1. Go through 206, 147 for me and flag whichever is over 26 Å from residue 42 (Cβ atoms), buried (at least 18 other Cβ atoms within 10 Å of the Cβ) and at pLDDT below 90.
2. Determine if the stretch 187-195 includes at least one residue that is assigned by TED's automatic domain parsing to the domain that holds residue 91, surrounded by fewer than 19 Cβ atoms within 10 Å (Cβ to Cβ) and within 28 Å of residue 41 (Cβ to Cβ).
3. Of all residues being farther than 27 Å from residue 43 by Cβ and buried (at least 17 other Cβ atoms within 10 Å of the Cβ) in the stretch 115-141, which is modelled with the lowest pLDDT? Just the residue, please.
């Protein structure tokens, strides 16, 4: 999924100021996001319904079939990720973390039924109430002076960071050495982003952006 999205994004990138870079480098820390009710994400019943199916299948002991069914949740969730995150990044991130835990439990080499049941129940509960009230401010993680996490301490979407790098490389006047180095970091970031490793991808993108903004 990410490979297709990234390929499309890199083809149609506009040439101009890289807005996302300016957004994520506005300061050394990020204020806590204002919490909002689950209604901010809209109707979660379709996602909840899939999880209910997965729970019912897992209850029969057929964890292989449960693993197959939860792929439908993952696909639907990824398809709507950009829209949902824009609506409420805090709620989206909380659900995303719970989904990752459930997916990890089902995709373990030898899935543990108790772990599967626990993580699926947690995901179902999080879909109903994903926001932790009164969350404390979280300092942004910086790499080469560039913020790589959001207000909730979660890695920024690697696609957004990569777009910033591509925009910057298209407009910045760099020495040959800096351009080669920045392009190398861009390549590594793309590889890690395609592997769903946003944290490491963002680290490479940040190093590229540091060169672009010199």
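The values are calculated or read from the model by the stated rules, or taken from the named source; none is laboratory data. Computed from a prediction, not measured in an experiment: that's the story for all the values here. Cβ: placed from backbone, ideal geometry, glycine included. Neighbour counts: every protein chain shown.
1. 147
2. No, the stretch 187-195 contains no residue that is assigned by TED's automatic domain parsing to the domain that holds residue 91, surrounded by fewer than 19 Cβ atoms within 10 Å (Cβ to Cβ) and within 28 Å of residue 41 (Cβ to Cβ).
3. 138
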